[in-house]
Amino acid sequence: MVRVRLWGSLAAAIGGQTEIEVEAGTLRELLDTLARDYPALQPQLERGVSVAIDGVIYNDDWFTPIRPDSEVVLLARLKGG
Amino acid sequence: MALDSKTEARKFKIVGTRPLRPDGIDKVTGRARFGADMSAPGMLVGLILRSPHPHARIRSIDTTRAESMEGVHAVVTRADFPAFVEDEALADVLDNCMAGEKALYDGHAVAAVAATSGAVARAALKLIEVEYELLAHVTDVDEAMRPDAPALHEDRADETVPAGMSDNVMARHEFGHGDIDAGFAKADRVLERGYRTEATHQGYIEPHACLATFGSDGQADLWCCTQGHYMVRNTCAAILGMEQGRLRVTASEIGGGFGGKTTVFLEPVALMLSKKAGRPVKMVMGRAEVFRATGPTASSSIDVRIGMAKDGRITAGFAELRYQGGAYPGSPVDMGSMSAFAPYDLEHVKTVGWDVVTNRPKQAAYRAPGAPMAAFAVESAIDELARELGLDPLEVRLKNAAREGTRASYGPTFPAIGLEATLRKAKDHPHWSAPLGPNQGRGVACGFWFNFGGDTCVSLNITPDGTVTVSEGNPDIGGSRASMSMMAAEELGIPYEKVRTIIADTGALGQNDVTDGSRVTFAVGLATIEAARAAKREMCKRAARIWEIEEDAVVWEDGAARPAGPNAGKHPPMSLAEIAAVATNTGGPIAGHCEVNAEGAGVSFATHMVDTEVDPETGAVKILRYTVFQDAGKAVHPAYVEGQFQGGAVQGIGWALNEEYIYGEDGRLQNAGFLDYRIPVASDLPMIDTVILEIPNPGHPYGVRGVGETSIVPPLAAVANAVSHAAGVRLTHLPISPPRLLAAIGAK
Amino acid sequence: MSRIHVTTTINGEAAEFLCDAGETLLDVLRDRLGLTGSKEGCGTGDCGACSVVLDGRLVCACLVLGAEAEGRTVGTIEGMTTGEALHPLQRKFLEHAALQCGICTPGFLVAAKALLERTPDPTEEEARYWLAGNLCRCTGYDKIIRAVLDAAAEMREAH
Ligand code: FES
Ligand code: FES
């Protein structure tokens with residue numbers, strides 16, 4: 001199980017939990033499991049999120065490995081100029 | 001750091017030097033071709049008719065008179081585009097390029113013509129009859145949030161917006177951790193203040209321009225100035241309902257972008273005109289159009305509350321940010337909310353951001369989108385608290401600085417970062433202790449930006465005579481051909497002059513993300529290094545075959561394949577040119593390429609220091625001295641890194657002192673030109689000193705971080721702090737134009 | 001609308017063109033003569049990207065009519081090099097990395113050349129005020145001013 005930290009808006013969507021535990025070994029499994037187990041997150045997941053794994057930000061690479069002790073943080077989708 | 005560092009300890013030969021850029025001669029002789037510099041045989045001129053109203057329902061558009069005019073070859077309205085675009089964001093882009101049911105801001109495109117000359121096209125625009133039903137409008141962010149404000153859209157708010165709010169509120173974002181009430185309870189002093197910033201424009205000197213050629217076989221070519229021609233291809237294809245592979249986009253040289261050329265305005269219209277006319281169509285915006293109808297940044301209204309202990313420790317931070325991003329959802333308030341407190345190690349922090357629409361042009365990214373306004377508010381409040389408590393503002397920042405292992409205010413734990421290093425350098429710099437005269441003040445501020453990676457392709461080819469060509473897919477906006485050539489040369493061990501980097505069109509490489517997020521030196525650099533490594537492996541293989549030894553018995557060193565270890569036999573090294581010369585005989589041409597979604601971009605921090613002098617009679621502010629301290633990870637071409645620092649700082653100075661979108665009661669933009677929208681000129685400024693720090697980014701083989709955006713984050717606050725000290729009154733509304741400053745001094 | 005026939009000298013060579021009465025010199029240079037080195041950043045005299053020299057005077061080509069070139073001499077960025085050799089200003093702009101995107105560069109070079117012809121030894125302040133009509137959004141002007149002062153020094157030595 002990996003612990004996933006949610007930002008405030010996402011936490012609010014699922015009743016205030018700021019951390020949840022999810023069974024996932026890759027980024028794709030993480031996003032799929034979140035969508036399945038927490039339907040309230042669906043709209044934001046569809047709009048897009050970035051995921052910080054151990055401090056490094058990933059956008060879409062499904063197969064990025066996640067270790068059980070990794071720090072995983074969901075972020076609003078980043079955009080630059 | 002759970003991930004292993006990709007950065008290798010190495011001594012650089014080329015990276016870190018300052019060679020001339022390969023596109024330099026073209027750019028100092030006038031030969032370089034920018035967006036408006038291309039023409040085609042039989043080309044028509046395209047022009048756009050724009051709404052003079054800030055908010056109006058379009059009842060009807062009658063184009064018959066324009067169409068029948070001599071010399072007019074096509075007229076286009078929204079009716080010519082597909083009725084339905086599935087992706088909401090792309091549907092907004094289309095609606096922004098050509099209004100549908102409503103004109104949503106002064107300058108919104110409602111129709112376009114293509115004619116044999118500009119004069120004919122201008123005359124034809126006058127013959128288009130649009131019947132408008134005028135609607136009430138709103139251009140101010142706080143007014144737009146009132147429940148009774150005129151609404152631009154219905155039912156477009158996302159699920160995060162509480163019921164009962166104005167229809168103009170599109171989204172609510174919340175970030176942070178800890179318990180701010182508990183944090184504020186521990187403070188010796190709590191400061192609460194509201195701040196405002198006005199909308200500014202990126203102000204690139206080159207207006208948008210493109211040349212579209214749509215063939216009767218359904219294939220199209222497009223030449224345009226853009227920060228991402230692959231994005232242009234994908235966006236136009238979606239909007240026009242065509243396949244991406246049938247549209248080839250070539251990027252011209254680009255005359256500045258700063259985020260403003262990360263979307264499309266003219267391109268889909270030019271393609272549609274060309275399709276209807278059956279001839280090439282060139283479109284070039286005038287400056288007034290650029291101001292009225294491209295993508296300025298958001299204006300903001302921000303409330304900050306910060307609690308500080310007597311020793312300068314921040315016990316809690318809270319900010320509520322309201323950004324209007326023009327007529328469509330998507331202001332960068334989420335980025336502002338994430339970055340507001342990012343430089344600090346806080347136990348209790350919370351930010352709430354509101355995305356609001358108004359009757360203004362759809363905002364586009366502007367260098368570290370959303371961050372400068374948020375930093376202005378937070379850094380001003382910290383400065384004021386430090387003053388009140390009699391503390392050194394740099395010490396206060398050092399005391400609270402985020403470091404490796406700090407949990408960032410936006411969530412993740414920071415790896416090695418450079419904020420502390422910039423603060424220490426600033427403290428030790430002679431600028432910090434230089435004396436100040438009467439009416440002068442010194443300000444400091446910190447800033448942060450995320451930086452990105454993303455889809456990137458590089459193809460590196462070895463020519464038969466041993467020179468090297470690198471093809472990349474990101475427009476060179478400030479010397480990136482030079483830095484790619486340098487990284488390729490470094491990796492291959494050959495002279496810089498042997499490498500030539502070109503920007504390939506969309507037919508030549510796979511998908512490349514836009515030149516944004518300060519990603520190019522990082523991501524394209526990474527792909528260039530990987531492509532060079534692939535070519536080296538292949539060259540080692542060729543040498544092994546020639547020497548008849550095992551492949552793994554050959555290494556690449558100093559630009560040549562060499563036998564490795566005692567068992568490899570004695571063979572004189574084979575240089576790149578020698579291997580290239582016999583490539584045909586050893587298996588064919590040699591190339592290396594890399595296609596990657598580059599991850600691992602490193603965040604970047606900066607501290608800025610500025611001295612200003614205030615004229616109490618006129619309210620004019622002079623910048624006396626300016627120093628930028630920023631972490632670059634590794635500066636590939638230090639001159640262009642300094643240039644990014646200087647350019648960002650000066651744009652920030654403009655934002656702080658002069659630049660603003662001014663709307664009248666009638667909802668029309670009143671200053672759509674460089675005379676009235678005043679960007680800094682040479683005589684406004686001193687030299688901008690720079691100090692480059694190099695704290696390697698573990699996610700890049702050479703340690704590179706993006707540098708382009710962070711430099712615009714601190715100056716708004718640094719300048720405001722300096723002016724506040726010089727004038728003896730706290731300035732909370734940007735720009736600090738002379739009238740605003742005089743009023744503040746008068747109210748003291 | 002009948003066109004106006006104009007005979008002029010551009011970068012030392014005789015030139016002829018037909019233009020409409022309302023057409024600017026900038027339009028003529030760019031669209032009729034293919035000299036696209038002069039840029040249009042504003043069309044209203046505010047950015048200097050279109051800087052050219054008309055009978056020895058620095059002007060904004062967007063504020064001059066094409067017809068006004070009749071019988072006069074026009075100098076543009078395309079005339080700045082002699083054969084292969086770059087003008088010292090061009091070289092110094094490259095050495096100092098005084099351009100990022102490069103759209104403002106032709107205008108700055110033409111304007112700076114006009115400055116050094118009048119004032120071979122400008123102070124920093126003189127250079128900044130002379131070039132205040134040329135906008136650059138990329139560089140913050142630091143490296144541009146350094147390049148101009150350095151070129152001035154080199155040109156003085158060569159004399
Ligand atoms: S185009 Fe002539 S001054 Fe701007
Ligand atoms: S280099 Fe881009 S405007 Fe000057």
Check your understanding: Given the residues B:Gly353, B:Gly330, which is the only one that is outside any loop (DSSP other than H, G, I, E, B), within 11 Å of another protein chain (Cβ to nearest Cβ), in contact (Cβ under 8 Å) with a residue 40 or more places away in the chain and under 25 Å from B:Asp516 (Cα atoms)?
Key -> B:Gly353
**Study point:** Hits in region B:27-45 (condition: facing chain C (nearest Cβ under 9 Å) and in a loop (DSSP other than H, G, I, E, B))
**Key:** B:Gly30, B:Arg31, B:Ala32, B:Arg33, B:Met38, B:Ser39
Revision key, fill the gap. Per the filter on region B:50-102, residues within 36 Å of the chain's Cα centre (by Cα), closer than 19 Å to B:Leu273 by Cβ, of a type in the set (D, E, K, R) and assigned to a helix (DSSP H, G or I) are B:Arg78, B:Asp80, B:Asp95
Check your understanding: For B:Ile502, which of the numbered conditions (1) closer than 18 Å to C:Cys101 by Cβ; (2) at pLDDT below 95; (3) of a type in the set (A, V, I, L, M) fails to hold?
Key -> (2)
Practice item. Just need a number here: residues in region B:630-641 that are part of a helix (DSSP H, G or I) and more than 17 Å from the chain's Cα centre (by Cα). Key: 2
Point to revise | Restricting region B:415-464 to residues that are assigned to a strand (DSSP E or B) and among the aliphatic types (A, V, I, L, M), the residue that is surrounded by the most Cβ atoms within 10 Å (Cβ to Cβ) | key: B:Val458
**Study point:** Options B:Ala309, B:Ala319; residue that is at pLDDT 95 or above and either within 13 Å of another protein chain (Cβ to nearest Cβ) or surrounded by 24 or more Cβ atoms within 10 Å (Cβ to Cβ) (or both)
**Key:** B:Ala319
Study note, to complete from the structure: For region C:73-101, pairs from a residue that is more than 7 Å from chain B (Cβ to nearest Cβ) to a residue that is acidic (Asp, Glu) and part of a helix (DSSP H, G or I), with Cβ under 6 Å and 6 or more apart or across chains, are C:Pro88/C:Glu154; C:Lys92/C:Asp150
Practice item. Look through region B:191-212, keep the residues that are of a type in the set (Asp, Glu) and farther than 30 Å from B:Arg233 by Cα, and return whichever of them is farthest from ligand 2 (Cβ to nearest atom). Key: B:Glu192
Review point. When you go through C:Glu126, C:Glu154, C:Glu117 one by one, which is the residue that is within 14 Å of another protein chain (Cβ to nearest Cβ), out of contact with any strand residue (DSSP E or B) (no Cβ under 6 Å at 6 or more places or on another chain) and modelled with pLDDT of 95 or more?
Key: C:Glu126
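If you scan region C:102-111, which residues turn out to be within 10 Å of ligand 2 (Cβ to nearest atom) and either more than 7 Å from every other protein chain (Cβ to nearest Cβ) or among the β-branched types (Val, Ile, Thr) (or both)? It would help to see each step written out before you state the result.
Going through region C:102-111, the residues within 10 Å of ligand 2 (Cβ to nearest atom) turn out to be C:102-105, C:107-108.
C:Ile103, C:Thr105, C:Gly107, C:Phe108, listed by residue number.
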Study note, to complete from the structure: Across (1) away from chain C (no Cβ under 14 Å); (2) surrounded by 19 or more Cβ atoms within 10 Å (Cβ to Cβ), B:Glu101 clears everything bar (2)
**Study point:** Positions within region B:105-126 being under 19 Å from B:Met272 (Cβ atoms), away from chain C (no Cβ under 14 Å) and not in a loop (DSSP other than H, G, I, E, B), in sequence order
**Key:** B:Ala109, B:Val110, B:Ala111, B:Ala112, B:Val113, B:Ala114, B:Ala115, B:Ala124, B:Leu125
Check your understanding: Only one residue in C:Leu18, C:Leu89, C:Leu58 is within 16 Å of ligand 2 (Cβ to nearest atom) and not in a loop (DSSP other than H, G, I, E, B). Which one?
Key -> C:Leu89
Practice item. Can you run down the residue pairs with Cβ atoms below 8 Å, 6 or more apart or on separate chains, where the first is in region C:126-144 and farther than 18 Å from B:Phe674 by Cα and the partner is within 13 Å of ligand 1 (Cβ to nearest atom) and of a type in the set (Asp, Glu)? Key: none
Check your understanding: Has region B:486-505 got any residue that is in a loop (DSSP other than H, G, I, E, B), under 30 Å from B:Gly259 (Cα atoms) and not assigned by TED's automatic domain parsing to the domain that holds B:Gly706?
Key -> yes
Practice item. List the number of the failed condition for C:Lys143; all other conditions in (1) within 9 Å of another protein chain (Cβ to nearest Cβ); (2) in a helix (DSSP H, G or I); (3) under 16 Å from the mean Cα position of the chain (by Cα); (4) within 10 Å of ligand 2 (Cβ to nearest atom) hold. Key: (3)
Practice item. Give the residue that is nearest to B:Ala114 (Cα to Cα), with candidates limited to residues of region B:279-293 that are of a type outside the set (D, E, K, R) and more than 14 Å from chain C (Cβ to nearest Cβ). Key: B:Val281
Study note, to complete from the structure: Exactly one of B:Ala583, B:Ala553, B:Ala568, B:Ala606 is on the phi < 0 side of the Ramachandran plot and within 41 Å of the chain's Cα centre (by Cα), and that residue is B:Ala606
Review point. Looking at this structure, is C:Val74 part of a strand (DSSP E or B), near ligand 1 (Cβ under 10 Å from one of its atoms) and at pLDDT 95 or above?
Key: no
Point to revise | Among the residues listed as C:Gly22, C:Gly41, the single one being of a type outside the set (Asp, Glu), within 16 Å of ligand 1 (Cβ to nearest atom), closer than 30 Å to B:Ile679 by Cβ and at pLDDT below 95 | key: C:Gly22
Check your understanding: Listed residues B:Pro52, B:Pro41, B:Pro82, B:Pro22; which is surrounded by fewer than 21 Cβ atoms within 10 Å (Cβ to Cβ) and either under 30 Å from B:Tyr640 (Cβ atoms) or aliphatic (A, V, I, L, M) (or both)?
Key -> B:Pro22
**Study point:** Within region B:194-212, considering residues that are more than 14 Å from chain C (Cβ to nearest Cβ) and within 20 Å of B:Leu657 (Cα to Cα), the one farthest from the chain's Cα centre (by Cα)
**Key:** B:Gly194
Check your understanding: Looking at region B:360-389, which of its residues are of a type in the set (A, V, I, L, M) and under 9 Å from B:Ala340 (Cα atoms)?
Key -> B:Ala371, B:Met373, B:Ala374, B:Ala375, B:Ala377, B:Val378
Point to revise | Matching residues in region B:141-176 - criterion: being surrounded by fewer than 20 Cβ atoms within 10 Å (Cβ to Cβ) and under 21 Å from A:Ala76 (Cα atoms) | key: B:Arg156, B:Asp158, B:Glu159, B:Val161, B:Pro162, B:Glu174
Review point. Has region B:253-272 got at least one residue that is within 16 Å of ligand 1 (Cβ to nearest atom) and at pLDDT 95 or above?
Key: yes
Practice item. Examine region C:6-21 for a residue that is over 25 Å from C:Glu125 (Cβ atoms), within 11 Å of another protein chain (Cβ to nearest Cβ) and surrounded by 20 or more Cβ atoms within 10 Å (Cβ to Cβ), and state whether such a residue exists. Key: no
Check your understanding: Residue check: is B:Ala601 assigned to a loop (DSSP other than H, G, I, E, B) and in contact with a strand residue (DSSP E or B) (Cβ under 8 Å, 6 or more places away or on another chain)?
Key -> yes
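In region C:36-53, what residues are among the hydrophobic types (A, V, I, L, M, F, W, C) and either over 16 Å from C:Leu65 (Cα atoms) or within 7 Å of chain B (Cβ to nearest Cβ) (or both)?
C:Cys42, C:Cys47, C:Ala49
The values are calculated or read from the model by the stated rules, or taken from the named source; none is laboratory data. Just so you know, these numbers come straight off a predicted model, no measurement behind them. Counting neighbours? That spans all protein chains shown, and the Cβs are built from the backbone with ideal geometry, glycine included.
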